[in-house]
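Chemist: The structure is given below, and queries will be raised subsequently.
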Ligand SMILES: [Zn+2]
């Protein structure tokens, strides 16, 4: 039993020590107006509008939150990273979708090939058409607007 616990403790230590560090994600508490780490919550269910994720606040405490929905869990890692940064960027005050995209791309510091991979996923899957609402920040329309407005210093369209 004692041995079992020790092995478990080592396993957990190793798992956490080796886990890649996620970029910090902060927002403003809607009640206290203080800066606070965003609480990230993973849902097995789908969003009614089929969003990948949503930036919101805890209704009771005001803590900034991001909810990730089922579609997020099945997306490729590079797109998941983009979605997370996009939602973090909403919490940093980028309310406009394109502004949040630009903020996300700046935070990600992607190589040219990384940008190409992200672009091809977004355009080829046209993630906008997979949502039930016309969300102008996504899909091929997203990419051309983002490419025009972000001024990333590289051509991405
Ligand atoms: Zn958004």
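Just so you know, all these numbers are worked out from the coordinates, no wet-lab data involved. Since the model is a prediction, treat every value here as computed from it, not as a measurement. Note that each Cβ is placed from the backbone with ideal geometry, even for glycine, and that neighbours are counted across all protein chains shown.
Chemist: Based only on other Cβ atoms within 10 Å, what is the fewest-to-most ordering of 56, 146?
Modeler: On the way: 56 18, 146 24.
Neighbour counts put them in this order, fewest first: 56, 146.
Chemist: Then there's this: Quick check on the exposure proxy: order 41, 98, 66 from fewest to most C-beta atoms within 10 angstrom.
Modeler: Numbers: 41 12, 98 16, 66 23.
Going from sparsest to densest Cβ surroundings: 41, 98, 66.
Chemist: For Cα pairs less than 8 Å apart in space and 6+ apart in sequence, what is the mean separation divided by the residue count of region 13-104, i.e. the relative contact order in percent?
Modeler: That works out to 26 percent.
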